[in-house]
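Quick note: the coordinates plus some simple rules give every number you see, no bench work behind them. Everything quoted here is computed from the prediction, not taken from an experiment. A quick note on method: Cβ atoms are made from the backbone with ideal geometry, for glycine too, and the neighbour counts reach across all protein chains shown.
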């Protein structure tokens, strides 16, 4: 059992909700509000288990007792201006539930590879298509161009391989628990400690 939204439609809704902040950000950077882009939007994806959601009473259909949520957060938005990139929006609380947009909610165990793959595959395909395309969206009465960069840094470590292989995060870190970068880890195979939670 799952509820899944179309990725592009969800991103459009999120950007439309942020219209005022985007236009204010352009003013703050002394940019003309008629600039049509391209705007680069950095999206952080998260996918994690939500624990036990079972009902302890009633005699409804037998469903998995755990839930998994796939969501995204718009981390920052920038626009190319001349030879530089101007950042017009940055999420100040990137880990807050308030800026986290649910994209897919499913009753499934996060270790159930087959179910996760079946439910998330169309979503991943939509994301892959958006990596090489642009979104045209009317904002402030002007049609503007948006490009998307996706970061999978919010994946639960158990889900990393499920969703997109070992390097899903696109991160410089070797794993989700310590601050060793891939370069450091390749030179030092012994000393690592858990420093990130």
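Structure summary
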item: Simple spin-label estimate for residue 81 and residue 109 in nanometres, 7 Å along Cα-Cβ; result: 5.3 nm
item: Contour excess over end-to-end distance, with Cα ends at residue 12 and residue 145 and 0.36 nm allotted per residue; result: 46.7 nm
item: Estimated distance in nm for a label pair at residue 5 and residue 90, the labels positioned 7 Å out from Cα along Cα-to-Cβ; result: 2.6 nm
item: FRET efficiency estimate (nearest 0.05) - Cβ-Cβ, residue 23 to residue 69, R0 25 angstrom; result: 0.25
